[in-house]
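The values are calculated or read from the model by the stated rules, or taken from the named source; none is laboratory data. This one's a predicted model, so the numbers in the text were calculated from it and none came from an experiment. Using ideal geometry, Cβ is built from the backbone for each residue, glycine included, and neighbour counts are taken over all protein chains shown. Just so you know, the surface numbers come from the protein's heavy atoms only, side chains and all, with ligands and any DNA or RNA stripped out. Shrake-Rupley method; radii C 1.70, N 1.55, O 1.52, S 1.80 Å.
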Amino acid sequence: TAFQGSAIIVNNRYMTKFKGLFILFLFLNNTSLVSAQNTSALQLSIEDMFELADSASRSIRTFHIAEQEAEQAVKVAKNALLPSMDVSLSASYLGDAWLSDRDFSNGENAPMPHFGNNFAIEASQVLYTGGAITNRIAVAKLQQQLAQLDKEKNKQDIRFLLVGNYLEMYKLQNQAEVYRKNIEQTRKLVEDINAKQSQGLALKNDITRYELQLKSLELALTQIENSILILNNQLTTVLGLPEETVIAVDTTLLGRLPKPSEEAHWQETAVLSSPVLQQMKLNIKQSEYNERIAKAERLPSVALFAGDKLDGPITIEVPPINKNLNYWYVGIGLKFDIASTFKSGKKIRLARLSTQRAQENDLLLQENVRTEVKAAYIRFYEAFTICDTQEKSLELAAQNYSVVNNRYLNDLALITDMLDASNSKLNAELQLVNAQINILFNLYKLKKTAGCL
């Protein structure tokens, strides 16, 4: 209590003053727990944030560029199916030739036409490579799908970060509102005790105790408001909004709380939607294609080619003929790397081991995802139990408040008892709102774990 003894009798004049203070407390307690919002604040729902992040988040844009890069890599890989064409043109100065016997005796200079020219054009089309080109194109397409899944995974990471900060800011705003009410009540109490102390009805240490409590409450409120500013800045940064933007949370979302659902539904959703599981399946396919590419080295390659050449002078004759020689050709070529018959075996075994490792990693990842989904589901279901408990706590706090209120009206309780009962009721309201927010947070965490956020 605020007094050293319970035998102090409060006269009618102060009782009237206390009742006026009680009416103020009753008004404050009936005020709903809503966040203090700036008139220029930008109110965003969770869905609004997600849409804004998809278009404005720098992180998502980075992964979008990576997706475009992978898409371009597929086009580059397909270039190997197109015909190739080489063109060359040269001009040269030819010096005089020198002739001698085989023992290098009787040497003499032989005049040469000094201007030489060469023009050549050749086109070729690969017909068969043992599947190396088609498999490399398939690998490039898998890389494109992996990039798309990386983008989706990053999108869900960003969304979970946003919703976590958003709901935490909602909690802090409710908590700040409770602290403001407690501060206002404590200030009224300090004023009242000051008035009583001047008339000898209260002690100095009573004033000191509540002044210290007031300072503690003000410091805690400052820390909460600073935390709200930090979270607001993180949200505006990710969403690409101006730094001075104040985000106001949607206080109606607690009226749309989800219902508990079966764990099997979330496990099935994870199997179908989890980006990490889909990526692992693609990694297995990629390893299988790499096996085929390694095996293709043992097979010959076949290409069709055609060309035309213009050379001058004709130096294969002695004396040289100072004329141009033009000829064309067309044919089919077969190329086989004999060394690949004993070199590629190691590559094939390496690729096969990579496939086996990818398959084992897939099984391990499936176990991890099932475990994570189960843990997230347990926390989600637990959040409903906590909410039910907080509803009961609020009911008991309200009953206690009603009892203390009746005792106070009958002069059987002190104003400090009313403050304690009021604070208990305020805290119970706060904890209930926090419990409801926790349901939403655990729902989004479960969606993130299942890959459907």
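Tabulated values for the structure
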quantity: Ranked order, Trp266, Trp328, Trp98 - accessible area, probe 1.4 Å, largest first; calculated: Trp328, Trp98, Trp266
quantity: Derived scalar couplings ³J(HN,Hα) [region 282-295; Karplus, 6.51 cos²θ - 1.76 cosθ + 1.60; whole Hz; x for Gly, Pro]; calculated: 5, 4, 5, 4, 4, 5, 5, 5, 5, 4, 5, 5, 5, 5
quantity: Met85 accessible area, 1.4 Å probe, all protein chains in place, Å² to nearest 10; calculated: 130 Å²
quantity: Region 235-274, accessible surface, carbon-and-sulfur percent (1.4 angstrom probe); calculated: 57 percent
quantity: Amide N of region 127-141 lying under 16 Å from the label point, which is placed 7 angstrom from the Cα of Leu299 along Cα→Cβ; calculated: 127-139
quantity: Segments 436-449, 180-193 sorted - mean Cβ within 10 Å per residue, highest first; calculated: 436-449, 180-193
quantity: Peptides 362-368, 350-356, 142-148 ordered by average Cβ neighbours within 10 Å, highest first; calculated: 142-148, 350-356, 362-368
quantity: From phi via Karplus (6.51, -1.76, 1.60), per-residue ³J(HN,Hα) for region 96-107 in Hz, x at Gly/Pro; calculated: 5, 7, 9, 10, 7, 5, 5, 8, 6, 9, 6, x
quantity: R0 of 30 Å, Cβ-Cβ distance Leu254-Val276: FRET efficiency to nearest 0.05; calculated: 0.40
quantity: Label-point gap, in nm, between Ala220 and Gln72 - each point 7 angstrom along Cα→Cβ; calculated: 5.6 nm
quantity: Charge dipole (region 79-147, unit charges on Cβ, about Cα centre) - positive-most of His114, Gln125, Ala147; calculated: Ala147
quantity: Size of electric dipole in the chain: Cβ of Lys, Arg +1 and of Asp, Glu -1, about Cα centre, debye, nearest 20; calculated: 1060 debye
quantity: FRET efficiency estimate (nearest 0.05) - Cβ-Cβ, Ser45 to Leu353, R0 56 angstrom; calculated: 0.65
quantity: Which listed pairs, of Lys153/Lys374; Lys281/Lys335; Lys281/Lys448, have C-alpha distances above 28 Å, in listed order; calculated: Lys281/Lys335
quantity: Within region 207-331: Cβ-based charge dipole about Cα centre, in debye rounded to nearest 20 (Lys, Arg +1; Asp, Glu -1); calculated: 440 debye
quantity: Estimated FRET transfer efficiency (Arg102, Asn322; beta-carbon r; R0 25 Å; 0.05); calculated: 0.35
quantity: Probe 1.4 Å, accessible area per residue of the chain, Å²; calculated: 58 Å²
quantity: Correct choice for P(r) over Cα pairs in 10 Å bins from 0, in percent that was computed from the model, options (i) 4, 13, 15, 14, 12, 10, 8, 7, 6, 5, 3, 2, 1, 1, 0; (ii) 4, 17, 25, 27, 19, 7, 1, 0; (iii) 4, 20, 30, 27, 15, 4, 1; calculated: (i)
quantity: Per-residue SASA entry for Tyr381, accessible area with 1.4 Å probe, Å² rounded to 10; calculated: 120 Å²
quantity: Spin-label model distance (nm) - Thr341 vs His265, 7 Å beyond Cα toward Cβ; calculated: 6.4 nm
